[in-house]
1. Here are some conditions: (1) more than 29 Å from A:Pro65 (Cβ to Cβ); (2) among the β-branched types (Val, Ile, Thr); (3) away from chain B (no Cβ under 14 Å). A:Ile332 meets all but one. Which one does it not meet?
2. Just to be sure, is B:Leu49 under 22 Å from A:Glu67 (Cα atoms) and either surrounded by 14 or more Cβ atoms within 10 Å (Cβ to Cβ) or away from every other protein chain (no Cβ under 13 Å) (or both)?
3. Taking the options A:Leu395, A:Leu372, name whichever one is touching a residue at least 12 places away in the same chain (Cβ under 8 Å), assigned by TED's automatic domain parsing to the domain that holds A:Gly252, part of a helix (DSSP H, G or I) and in contact with a Lys or Arg (Cβ under 8 Å, 6 or more places away or on another chain).
4. If you scan the range B:68-82, which residues turn out to be within 13 Å of A:Gln219 (Cα to Cα) and of a type in the set (D, E, K, R)?
5. What is the one condition in (1) part of a loop (DSSP other than H, G, I, E, B); (2) crowded, with 24+ Cβ neighbours inside 10 Å; (3) not assigned by TED's automatic domain parsing to the domain that holds A:Cys361 that A:Ala228 does not satisfy?
6. Going through the range A:136-148 one residue at a time, which ones are within 14 Å of chain B (Cβ to nearest Cβ) and either farther than 19 Å from A:Glu246 by Cβ or outside any strand (DSSP E or B) (or both)?
7. Only one of A:Val151, A:Val176 is of a type outside the set (Ser, Thr, Tyr), in a helix (DSSP H, G or I), away from chain B (no Cβ under 14 Å) and closer than 21 Å to A:Gly234 by Cα. Can you tell me which?
8. How many residues does the range A:231-278 contain that are assigned to a loop (DSSP other than H, G, I, E, B) and away from chain B (no Cβ under 12 Å)?
Amino acid sequence: MRTRAGMAAAARFSFFRSRWDTHKPNSTQPMSNQTQSFFTSLRCRECGREYPKNAIHICEFDFGPLEATYDYDAIRRHISRELISSRPKTMWRYREFLPIEGEPTVGLQVGFTPLVKANRLASRLGIKDLYIKNDAVNYPTLSFKDRVVAVALTRARELGFQTVACASTGNLANSVAANAASAGLRSYVLIPADLEQNKVLNSLVYGTNVIGIHGPYDQVNRLCSEIAGKYGWGFVNVNLRPYYAEGSKTMGFEIVEQLDWQIPRHTVVCMASGSLLTKIHKAYTEVIKTGLVQNPTSFHIHGAQPAGCNPITTAMKRGTDLIKPISQPQTIVKSLAIGTPADGYYAVHSMQQTNGHAEDCSDEEVIEGIRLLAETEGIFAETAGGVTVACAKKLIQNGIIPPNESLVLCITGHGLKTAEAILSHCGQPRLVRPSLREFERLLGDELIQQPTPVAA
Amino acid sequence: MAKQTSRYWLMFPAKLITRPIIYELGHKFPIVTNIRQASVNSEVGIVSLELEGEREDIKAAVAWLEELGVKVEPVEINTIES
């Protein structure tokens, strides 16, 4: 649904668009001597009404989510591959496509993570041209959330916020805490009171204010919404959400640039709220719209979820955009366990528009996916990465991704963040006393099978 | 006490779709209900609803809805992310 439902989509409200001009802000404004801002307004994704560039996130008319819009004609005249490549290798080299008005001030080192040519994994999956976009090594907190937080906190500063906050159970909390600390912003992280201690530690260490809230998930969720509305805090995933969400696009821009300005034929993205998938779609669309990619071929974006919480893939497979909430997600992939995905409706539409598919996988397949990626490419992904690999494997096996077409897998976070999920699946070390004889007895034929290099 | 306005998405399961729950809500509690979007099919009903009233009355109204089996989410849907 727009969780909210096959709801009334944009067309139903189109007549309002022409009547709405009272809040239309000025278009482009000077950014600095070096850069211009091309960020023009916030716009309701449902009815198209425009809003000023403030800390707001919901359309007052129909409660639709607001999204940043840009002057693409001006970007097209201004931007070039050469200009981008002349800049430091961070996510900010695509600043014209981000909703800020001045120079970035938070998370200056974030992004431009490796795009790894994954030949060994490709061989195992039966495909020729495979890449891993590895945000498991994103700076500073080892997940793609650093991208969205960098944009949200930069915009928070521009809007004059002294305090930033989020409600999170993991990666987002860590990233807000770390980036706020480095920027000297006061921060609050709201968490369910029963969150595991190691996850809390990864936020506490940065000196943030961690508030544990007792009660069922739904009540905690509503309280966080109330707090965000009541106090003058920049809540990154509530009142700063239109800015925050745009940061995900940089993952898509980087993929395209790292492929020498080609859009991969297939991209597989894991889905929680579905936002990342929609923003990678938006990034691919924007590079075409602004001429950075010329003569593009068609591309397909596929979504992946764990079977224990798969409201978006279920809707997609049924051919509907009506997303039925999952009341009690049951999966080891906690970071994707969102039963009512806020951007699910839009994720379905992105997949449909690109002739993509949706796939889901069991927890066992998630573990297998994590191990396969680690053992073939030396990349340790969090459980969400296991979902991406496992679902890509199914899409290849089912012939949806042909073996001779390019494929990028988006890995969103480091495996150490969810190490407990795989702890009992990696075996144990073999033990030996400090004796060469015992060592040789233990390894036996393994030693014979490994010839000594000539140069040794 | 000052009145406040709260905004929610309500999701009705199939068994409750034919019941006039929002009408009942407005009579059972001293709050003003204002529907801003709605979509109903045979499987689920989804309504975006603004409630205006005393904070305690709104809380009681939400608790009543949940007791009936209606899922009540803030307009942001999920404020708690991973």
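The values are calculated or read from the model by the stated rules, or taken from the named source; none is laboratory data. If you're wondering where the values come from, they're calculated on a predicted model, not measured in any experiment. Note that we place each Cβ from the backbone using ideal geometry, even for glycine, and neighbour counts take in every protein chain shown.
1. Going through the list (1) more than 29 Å from A:Pro65 (Cβ to Cβ); (2) among the β-branched types (Val, Ile, Thr); (3) away from chain B (no Cβ under 14 Å), A:Ile332 breaks only (3).
2. Yes: the conditions hold for B:Leu49.
3. Details: A:Leu395 fails: in contact with a Lys or Arg (Cβ under 8 Å, 6 or more places away or on another chain).
Being touching a residue at least 12 places away in the same chain (Cβ under 8 Å), assigned by TED's automatic domain parsing to the domain that holds A:Gly252, part of a helix (DSSP H, G or I) and in contact with a Lys or Arg (Cβ under 8 Å, 6 or more places away or on another chain) holds for just one of A:Leu395, A:Leu372, which is A:Leu372.
4. Scanning the range B:68-82 gives B:Lys71, B:Glu73.
5. For A:Ala228, the failing item is (1).
6. Residues of the range A:136-148 that are within 14 Å of chain B (Cβ to nearest Cβ), as a first pass: A:141-148.
Hits for the range A:136-148 are A:Thr141, A:Leu142, A:Phe144, A:Lys145, A:Asp146, A:Arg147, A:Val148.
7. The conditions single out A:Val151.
8. 12
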